Structure formats: structure tokens, C-alpha cells
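Down below is the structure, laid out as C-alpha cells.
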Amino acid sequence: MNKLILLKNNDVFTTSLVIAEGTGNEHHAIQQLLNKYKEDFEDFGKLLFTHLKCENKSETRGRKQKIYLLNEQQATLLMTYLKNTEIIRNFKKELVR
């Protein structure tokens, strides 16, 4: 399975961290968008999250980080809220694939 998506209880998800990394955004900026427009995202289902140990950044390594699990509609909506830079356009194509 592609690392952009994960399967949980026969549902397909991506995460706020995958979108942040794929679009060149800071994860906290993606989280801020999700929190600011929470009602918009919850029009498409409950906004789920989990806590995972962060392994990427040295200053947060080993600490648990809140990661949102986004269904297809939520991920699509989030992508529409981001600017269409070249990096983001390319990531959108990969996510759709």
C-alpha cells in the first residue's frame, strides 16, 4: 500500500502529517487549518486523531504528537484550502492517484 494512505477498519485515510510533509507545510500549520475550520471538516465525518511518537524532528523526537486521520473528503477539502504552489499541485496529483 502506498505510504500516502492507510487502511483502518476498511476505511481509507491519510494523515495531517502526510499532507504537511507532502506539501512542504509545517505540521502545526496544517493542524491550525483543521482546528480553524473544524466544522467544515466535520461536515464530512468526525475529525479523528491519534497520538504518535515523532521521529522526524530532533526537537520533538520521542514525544507524542497529535496526528489527524482524514477521510477522502476531509483530505480533499484540506487540499483545496492550501495555496496551489507547484509542490502542492504535485502532491495533490499523487494523493489522488
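The values are calculated or read from the model by the stated rules, or taken from the named source; none is laboratory data. The structure presented is a predicted model; accordingly, all values stated were derived computationally and were not measured. Every residue, glycine as well, gets a Cβ built from its backbone with ideal geometry; the counts of neighbours run over all protein chains shown.
Structure above, values below:
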| read-out | value |
| --- | --- |
| Residue tally, condition under 11 Å from residue 69 (Cα atoms) and without any contact (Cβ under 8 Å) to a residue 12 or more places away in the chain, over region 23-53 | 1 |
| Lone unmet requirement of (1) out of contact with any helix residue (DSSP H, G or I) (no Cβ under 6 Å at 6 or more places or on another chain); (2) modelled with pLDDT of 90 or more; (3) closer than 15 Å to residue 65 by Cα for residue 13 | (3) |
| Residue ID - modelled with the highest pLDDT, chosen from residues in region 45-97 that are among the basic types (Lys, Arg) and part of a loop (DSSP other than H, G, I, E, B) | 46 |
| Count - residues of region 21-30 that are at pLDDT 95 or above and under 15 Å from residue 76 (Cα atoms) | 1 |
| Boolean, residue 20 is among the hydrophobic types (A, V, I, L, M, F, W, C), surrounded by fewer than 17 Cβ atoms within 10 Å (Cβ to Cβ) and part of a helix (DSSP H, G or I) | no |
| Subset of region 1-17 [assigned to a strand (DSSP E or B) and surrounded by fewer than 18 Cβ atoms within 10 Å (Cβ to Cβ)] | 6, 7, 8, 11, 12 |
| Pairs, first farther than 17 Å from residue 48 by Cβ in region 1-22, second modelled with pLDDT of 85 or more and aromatic (Phe, Trp, Tyr), C-beta under 7 Å, six or more apart | 22/91 |
